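For reference, the structure discussed in these notes is given below.
What follows draws every value from the coordinates through simple rules; no lab data is involved. These numbers were taken from a predicted model, which means no experiment stands behind them. Counting neighbours? That spans all protein chains shown, and the Cβs are built from the backbone with ideal geometry, glycine included.
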Amino acid sequence: MTPEMEYLMHLFGCGARGVPASPPKTPVDWERVAKLASDQSVTYTAAIALKRDPLGCPPATRERLLSSARGAAVKNLLKTEQILSVVNAMQAAGIKTLVIKGADVARFYAHPELRVSADTDLLVAPQDEAAALAFLERSGFPLKKKRASDFNHSICAHPTLGLVELHIGLLPQMFRKTLTQCWDLDAHAMETAQTVTAYETTYLALEPTIALLFLTEHMMKHFLYGGASLRMMMDTALYAIGNAGAIDRQRYADALRETKYQYTVRLFFGALVRYCGIDADALPLPPAMEEDAMTALLDDLEAGGWQGMNHEEHALDAWQYYRYTGARDAQDDSELRQIGRESRREYKHAMFPTLRELQRDHPALRKHRWLYPFFVLLRLIGKFFKLLRGGVASPSIKRDRREDLTPDAQARLELFERLDLM
């Protein structure tokens, strides 16, 4: 882990908890810190830590970060209030709708408005899916992408309020066997929903223990699938701390032990304790602090970024993970094909990102959108030469020998073994 990543964790931890930050102990490249904050989707929460004190940050960089945070805060707060009004209208229309992640997690941050989501996640019962999609359509959220038969959500888009992911299950089918083998979250999610008051309104959300398991398993899914993020880690910890009295700690620990995620999650918690200032005694599991394992995990975090900055290299990691864990029946070719289809969808998306995604890496596209095909072509050329060098694997349903995997895939499988995930 670089000094810049370590200091970003400090800034983000202070911003998330609403406490003063300290200057870096050693000189850091502030532009690198800002870039990592963007990669980890924590720019605005980290930026607020600079409000009281520049902490050595160059004036131009500090003002840019604070200005972006101010704008994002106002926009996000208005968006959240409007989205929750739509959710309550769905409830009034007889469609039981739960808010998952997003706003329900942000309320535990010191500055909820700075925990900005690209989309809003809602959960409805499978039998209510058609009615919910029709309601969203009438409310200005036309269907953008219908879920595949083996997937768990459709995507609706509003021109100003952004995307809504309408879930009929908490996790995609391809992850349920491993991630919820100890407890079927979907079977209990709707029947145990709780009423929450936040943002000057009330809405339905997941029962705290189910929500914590979902957040943890969502974080682990992304870790296996390409890269977790600082925000996912902090979401999980702050939600657990904020609901400490309502969490069934034994059930949580038992679930993670059965899914073999307990040690990795304890290491994530340990990193938050060491670098972000989280209180170890407030967490639902005792943090693991082993230096070598934590360093390996944080190196992967920095390289992965928000859901995997190297997504095309990691697009098959979850699939390969399934091959070697024994979580799937070795003869279940239908599941292997299903995982392969999902991998190919993710691979295609990595090769042809949206305009908004490319704008993050190429600011020139914000003013000159007509350059989008040019940047996509450059990306394809770069990936082609990387493929020739063996840096990217092409999705298939063939059971490769482990030694035939790419070096990146082999390294991640070794990390999974080190974390007792295999």
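Remarks
- Counting beta carbons within 10 Å around each of THR295, THR80, THR26 and listing the fewest first gives the order THR26, THR295, THR80.
- DSSP-loop trypsin sites (Lys or Arg not before Pro) across the stretch 1-83, with at most 12 other Cβ within 10 angstrom: LYS25, ARG52
- Inter-centroid distance (Cα atoms) of the stretch 93-163 relative to the stretch 37-65, Å: 30
- Here the mean projected area of the convex hull built on the C-alpha positions of the stretch 3-309 is 15.2 nm².
- Gained length - GLU200 relative to LEU143, 0.36 nm times residue gap less alpha-carbon distance: 17.7 nm
- Under a 5 Å amide H cut-off, with hydrogens placed 1.01 Å from N, LEU171 pairs with nothing among residues at least 5 apart or on other chains.
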